[in-house]
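The values are calculated or read from the model by the stated rules, or taken from the named source; none is laboratory data. Model, not experiment: these values are computed from the prediction. Because the Cβ atoms are built from the backbone with ideal geometry, glycine has one as well, and the counts that use them run over all protein chains shown. Just so you know, the surface numbers come from the protein's heavy atoms only, side chains and all, with ligands and any DNA or RNA stripped out. Shrake-Rupley method; radii C 1.70, N 1.55, O 1.52, S 1.80 Å.
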Amino acid sequence: MPRLANAFTDIQLRHLKKEGITALGGVQGLCVRVENGRKTFIFRYTFQKKKREVTIGSYPVISLSEAREKAMGYRRLLSEEVDPKEWRDRQREEKIENERKKELAELKFSTVADRYLAHRDTFSPFPIKERDLFLGRLGNYILPQIGSKTLETITPSDVADILLPLWNEHQALCKKLRQIVRQIFSWAKAKGLTTVANPVDPQVLQHLLPQIVKKEKRHHAMLAVEDIPNFMKDLRQHPSISARCLEFAILTAVRSGNAREAEWSEINWDKKVWIIPAKKMKVPSNGDHVVPLSTQVLELLKSIEGVNESKYIFLSPATSSALSDTSLKSVIEKMHIESLLNGGKGYFDPKQVKKSGNRCIATPHGLARASFRTWAQDDELGNDRRFSERTAELCLHHKAFDSYKGAYERNEAMKSRIEMMQAWSDYCFSERKK
């Protein structure tokens, strides 16, 4: 057995200047390494015939007595046939793992949602509009319920609590909310932030939510065809950009979103058409929507051309971007109230009523598309055989399934659509009795 070195005192260690490794005595294997005046405690030993060493720490951060105590612990491990270095490494790994588990156990859903959004912004950005919707749904419905909860404690019942107030009336929104929670949890699991099962489990949620009450299918409120010319005449009296956008939507028979987000680059002045890219359409698989532009539509566009330098034709003066989805509806509601105050009959749908029994005010979609479709087949106006049902469907970008969907659609159908859209504009501004 090797002879132990004389035990160093703290004063001796403090004044030690010799570079290299010096045995400190007191505990076999305890040494100090001096490099550039810096002193580090080490424990040198032999395990399974291999010489090894473990770093204990720097002096004087760790005192001599503390170093001897640790070295003594390592000697006890050797007596039990345990490698001190491997034992020390395992202890460190376990400590790191325990700290990580503790951190994850305290990780709140709101924090994970922020990290998920930051990840998307960097690697797979949302379109601006979709990002705003994501944040709105997250902030209005999800975070108030589970934002302060840790991932480990969120259950399917918590998800059901988010959905329950919206369940019967807003199924589409519920679907989006489930998707958001599921996406965040899936991302967290992929990043090793949680090991728990995703709480958005349809097989479980179906037992926590009531059966959906099937609602009667309701259409977008429209106007009687005979009331369209009077409405358009009143609409012309409103100078706002929202009113012009509504007029544009009605004359082209497009959805509100397509009209509001119409861009100057989509207008082909030479061919007198508006080409809406397929990606903007409700059914992209139907391809680009080529909208013939009537004389009245071309005049409308020319009247506002050059008013702004934006890519959008109808620019919101408040946000300097496309008009909001409520802007066109607000125009109709304002016109409706003005009509009633002036002794008119307002702009009610002739047939549709609310659950309360009150009549429904016409909507942008109903005016632009439902009224157009009714006009297209109106017997009293002589349109029943004037325009084919297929032409009307193509004008609305609906798929027409027949054997002529190739060359006919590109040639004869386009001629018919040009004629039809011009006739619709002519009717909209025809003189009708109040």
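Points to keep in mind about this one:
- A search for C-beta distances below 6 Å between a residue of segment 98-119 that is in contact (Cβ under 8 Å) with a residue 40 or more places away in the chain and among the small types (Gly, Ala, Ser) and any residue that is outside any strand (DSSP E or B) and surrounded by 15 or more Cβ atoms within 10 Å (Cβ to Cβ), counting only pairs 6+ apart in sequence or on different chains, returns Ala113/Ile184.
- Filter result for Val297 (of a type outside the set (Ser, Thr, Tyr), touching a residue at least 12 places away in the same chain (Cβ under 8 Å) and either part of a loop (DSSP other than H, G, I, E, B) or open to solvent by 40 Å² or more (accessible area, probe 1.4 Å) (or both)): no
- Among the residues of segment 98-147, the ones that are surrounded by 14 or more Cβ atoms within 10 Å (Cβ to Cβ) and part of a loop (DSSP other than H, G, I, E, B) come to 3 in all.
- Scanning segment 235-290 for residues that are assigned to a helix (DSSP H, G or I), in contact with a helix residue (DSSP H, G or I) (Cβ under 7 Å, 6 or more places away or on another chain) and open to solvent by 50 Å² or more (accessible area, probe 1.4 Å) yields a count of 2.
- Qualifying residues in segment 1-60 (those that are touching a residue at least 40 places away in the same chain (Cβ under 8 Å) and assigned to a strand (DSSP E or B)) - the one surrounded by the most Cβ atoms within 10 Å (Cβ to Cβ): Leu30
- Residues of segment 355-374 that are touching a Lys or Arg at 6+ places or on another chain (Cβ under 9 Å) and in a loop (DSSP other than H, G, I, E, B): Thr363 alone.
- Hits in segment 306-345 (condition: open to solvent by 50 Å² or more (accessible area, probe 1.4 Å), of a type in the set (A, V, I, L, M, F, W, C) and in a helix (DSSP H, G or I)): Ile337, Leu340, Leu341
- Failed item, numbered, when Phe348 is tested on (1) in contact with a strand residue (DSSP E or B) (Cβ under 6 Å, 6 or more places away or on another chain); (2) more than 30 Å from Lys272 (Cα to Cα); (3) open to solvent by 60 Å² or more (accessible area, probe 1.4 Å): (3)
- In segment 95-108 there is at least one residue matching the filter, namely being at pLDDT 90 or above and closer than 30 Å to Pro144 by Cβ.
- Checklist (1) at pLDDT 90 or above; (2) in a helix (DSSP H, G or I); (3) not β-branched (Val, Ile, Thr) applied to Pro199, failing item: (2)
- Taking segment 375-395 as the range and being surrounded by fewer than 18 Cβ atoms within 10 Å (Cβ to Cβ) and either modelled with pLDDT of 90 or more or in a helix (DSSP H, G or I) (or both) as the test, the residues that pass are Glu389, Glu393.
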